[in-house]
Amino acid sequence: MRSILEKVVEGLFKFCGSISIFVIVLITLFLFKEGMGLFSSPAVESGYVLCLHPSNPVNKLTSFQIKEIFDWEIENWEDVGGEDLEIRPFRFNEIFSIYSEEELGEDYALLPERLADEIEADEAIIAFIPERYVLHGSEKLKVLNTGAIKLGDFFGGKEWMPTATPAAQFGSLPLILGTLWVCLFGVLIAMPLGIGVAIYVSELASERIRKLMKPAIELLAAIPSVVYGFFGLIVLVPLIQKTFNLPVGETAIAGSLILAIMALPTIITVAEDAMRSAPLSMREASLSLGANRWQTIYRVIIPYASSGISAAIILGIGRVVGETMAVLMVTGNAAVMPNSLFAPVRTIPATIAAELGEAPTGGTHYKALFLLGCILFIITVAMSIFAEMMSKKQHSKGI
C-alpha cells in the first residue's frame, strides 16, 4: 500500500512539473509570436496609404523619413531622392476645408475623385489618406511603397513615438540603453556595498550580530517594489533635485539608487553564503602561516568564493533588470537617448507597464511592446544562465 502511494505521489509531482514546463514553453512561444509580428506590420498607420503625384520619381520612403516630412523637418523632395521641389504634406481632413459637402457628393461618393484631383494638381504633394478613398489604378496619383517595419527601424531607431502619425516610431534603442544604463549603475553602487556587508557578516561580525543582521537583510527582499518606489519618490527624488540643483529629480540616478537598494539583499545573501562555505581548514592554514584576519579574507576567502560572489552579482542584476514599478515612479519616463545620470530616462519594463493598457490589441503598438518583452526575456535568461554557470563552477570547487 505504501509503495502504491509513493508511486501516486511521484506521478503527481511529475505531472505538475510537466505542466509547469509546458506552460512556460507556451508563454515563451506566445511572447515571441506576438512580438515578431511587428516586422509584418505596415510602416504607416494601418488602413492608410501615402499618395504622390504620378510624375514624382520617389518610389519609397523609410518610416523615419515619413515622420520627418510630416513634422516639417524634411522640406524638399531633393533630400529624399526627388526633384528640387518644396514638399507639401497633405492630411486627409484638409480635403473638407477645400471642398464643400455638395462638391463631395452624397455620402461622400465623390471624395475619392476629389482627392485624386487634388493630388494631380500639385507635383510636390504627399497625401496621407484612408486606403478606401484611393482610386487604385488611376493615372492621377501614385501610391507610395512604404513597406513593413524593418529590424533596423526597431533596434537601431532612436525615437519611441508609438502614437505618431502617419508613421509611428518604434525605435527601441533609447529604451534598451536606458534599461542597461540604470541597471549598470545600480549594480555598480550595490556591488561594493553588498560584498562589503557580506564580508562583515561572514568573517568579522560576532555570532550575535550576525543572527540579527542576516534576517534583517533578507527581510528587505520581501518589501514590495511599489514601497521602494514610494520611498524613492518621496525621499530620494526631492533630495537629488535639491542636492544637484536639477529641474526635476526623476532621473536615472534615482532609479539606479533604488535598484541598488533592491539588489543588496540578493548580493549580500548569496555572497555571504559562498564565503561561509569556505573550509575552516583554509582559514586555519592561512592564519598558521602568519597571515592576519584581513589578509586571510582578501587572499584566501574571497578568491575561493569568487565564483559565488560573481553569481551573487549576476543574480542581483537579474533581480533589478526586470523591475517595473519602482523604476516607473522615479526615472521620469522620458524615451530619449541616455547621456547623463542626472537626466530622465525610460526602461523597457516601465514602457510596457505604462503603455500596454492603451495599445489596441493586435495593433502595431501592441506587437512592439511584446517585442520589448522578448528583449527583456532574452536579457534575464542570459543573466540566469550565466549565474547558473558560475554556481556550477563554484560547486565544482567543492563548496
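The values are calculated or read from the model by the stated rules, or taken from the named source; none is laboratory data. It should be emphasised that the depicted structure is a prediction, and the values quoted were computed from it without experimental measurement. Cβ coordinates were reconstructed from backbone atoms using ideal geometry, including for glycine residues, and neighbour counts include every protein chain displayed.
Going through the stretch 114-152 one residue at a time, which ones are under 25 Å from Ser41 (Cβ atoms) and of a type in the set (Lys, Arg)? Correct list: Arg132, Lys142, Lys150.
Whenever a residue of the stretch 16-38 is not assigned by TED's automatic domain parsing to the domain that holds Ile379 and surrounded by 10 or more Cβ atoms within 10 Å (Cβ to Cβ), its partners that are at pLDDT below 90 and assigned to a helix (DSSP H, G or I), lying with C-beta atoms within less than 7 angstrom and at least six residues away or across chains, give the pairs Leu31/Phe377. Suppose the filter is surrounded by fewer than 16 Cβ atoms within 10 Å (Cβ to Cβ) and of a type outside the set (Asp, Glu); does Ser63 pass it? Against the criterion (surrounded by fewer than 16 Cβ atoms within 10 Å (Cβ to Cβ) and of a type outside the set (Asp, Glu)), Ser63 does not qualify. Quick check on Gly47: is it of a type in the set (Gly, Ala, Ser), at positive phi and touching a strand residue (DSSP E or B) at 6+ places or on another chain (Cβ under 8 Å)? The answer is yes for Gly47.
Among the residues making up the stretch 116-154, those that are farther than 24 Å from Asn76 by Cβ and among the hydrophobic types (A, V, I, L, M, F, W, C) are Ala116, Val134, Leu135, Ala148, Ile149, Leu151, Phe154.
Go through the stretch 290-344 and give me each residue that's among the basic types (Lys, Arg) and within 16 Å of the chain's Cα centre (by Cα). Arg319, the sole residue that qualifies. Those helices (runs of 4 or more DSSP H) of the stretch 164-254 in which at least 3 residues are out of contact with any Lys or Arg (no Cβ under 9 Å at 6 or more places or on another chain) and closer than 30 Å to Ile66 by Cβ, considering only elements entirely within it, cover 173-199. Right, Gly137: in the same structural domain as Leu328 (by TED's automatic domain parsing) and either in contact with a helix residue (DSSP H, G or I) (Cβ under 9 Å, 6 or more places away or on another chain) or not in a helix (DSSP H, G or I) (or both) or not? No, not satisfied. Scanning the stretch 116-134 for residues being in contact with a Leu (Cβ under 8 Å, 6 or more places away or on another chain) and not in a strand (DSSP E or B) gives a total of 7.
In the stretch 68-96, the residues that are under 19 Å from Ile129 (Cβ atoms) and at pLDDT 90 or above reach residues that are in a loop (DSSP other than H, G, I, E, B) and among the aromatic types (Phe, Trp, Tyr) with C-beta atoms within less than 9 angstrom, at least six apart or across chains, in these pairs: Ile87/Trp72; Pro89/Trp72. Hey, any hits in the stretch 85-93 for a residue that's part of a helix (DSSP H, G or I), within 40 Å of the chain's Cα centre (by Cα) and closer than 23 Å to Thr146 by Cβ? Yes; the residues of the stretch 85-93 include at least one that is part of a helix (DSSP H, G or I), within 40 Å of the chain's Cα centre (by Cα) and closer than 23 Å to Thr146 by Cβ.
Here is a yes/no grid of residues against (1) under 16 Å from Leu369 (Cα atoms); (2) assigned to a helix (DSSP H, G or I); (3) basic (Lys, Arg):
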site: Ile4; (1), (2), (3): no, yes, no
site: Phe13; (1), (2), (3): no, yes, no
site: Ser18; (1), (2), (3): no, yes, no
site: Val23; (1), (2), (3): no, yes, no
site: Leu29; (1), (2), (3): yes, yes, no
site: Phe39; (1), (2), (3): yes, yes, no
site: Val49; (1), (2), (3): no, no, no
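Residues that are surrounded by fewer than 22 Cβ atoms within 10 Å (Cβ to Cβ), without any contact (Cβ under 8 Å) to a residue 40 or more places away in the chain, more than 25 Å from the chain's Cα centre (by Cα) and assigned by TED's automatic domain parsing to the domain that holds Pro344 are absent from the stretch 221-230. Number of residues in the stretch 350-370 that are crowded, with 22+ Cβ neighbours inside 10 Å and over 17 Å from Ser46 (Cβ atoms): the value is 2.
Restricting to the stretch 94-115, give me the number of residues that are in a loop (DSSP other than H, G, I, E, B) and loosely packed, with under 13 Cβ neighbours inside 10 Å.
If we filter the stretch 94-115 for residues that are in a loop (DSSP other than H, G, I, E, B), which is where we start, we get 99-100, 105, 109-110.
Those still in the list that are loosely packed, with under 13 Cβ neighbours inside 10 Å too: 100, 109.
Going through the stretch 94-115 one residue at a time, the tally reaches 2.
For Gln169, state whether it is surrounded by 15 or more Cβ atoms within 10 Å (Cβ to Cβ), without any contact (Cβ under 8 Å) to a residue 40 or more places away in the chain and either farther than 20 Å from Ala312 by Cβ or more than 25 Å from the chain's Cα centre (by Cα) (or both). When the stated conditions are applied, Gln169 does not pass them. Checking the stretch 329-345 against the condition returns a match, with at least one residue being buried (at least 21 other Cβ atoms within 10 Å of the Cβ), touching a residue at least 40 places away in the same chain (Cβ under 8 Å), part of a helix (DSSP H, G or I) and at negative phi. In summary, Lys392 fulfils each of the numbered conditions (1) more than 24 Å from Leu31 (Cβ to Cβ); (2) at pLDDT 90 or above with the single exception of condition (2). Checked across the stretch 282-289, the condition of being assigned by TED's automatic domain parsing to the domain that holds Gly318, among the polar types (S, T, N, Q) and without any contact (Cβ under 8 Å) to a residue 24 or more places away in the chain holds for at least one residue.
Would you confirm whether or not the stretch 98-116 contains a residue that is touching a Pro at 6+ places or on another chain (Cβ under 8 Å), at pLDDT 90 or above and not acidic (Asp, Glu)?
No - not one qualifying residue is present in the stretch 98-116.
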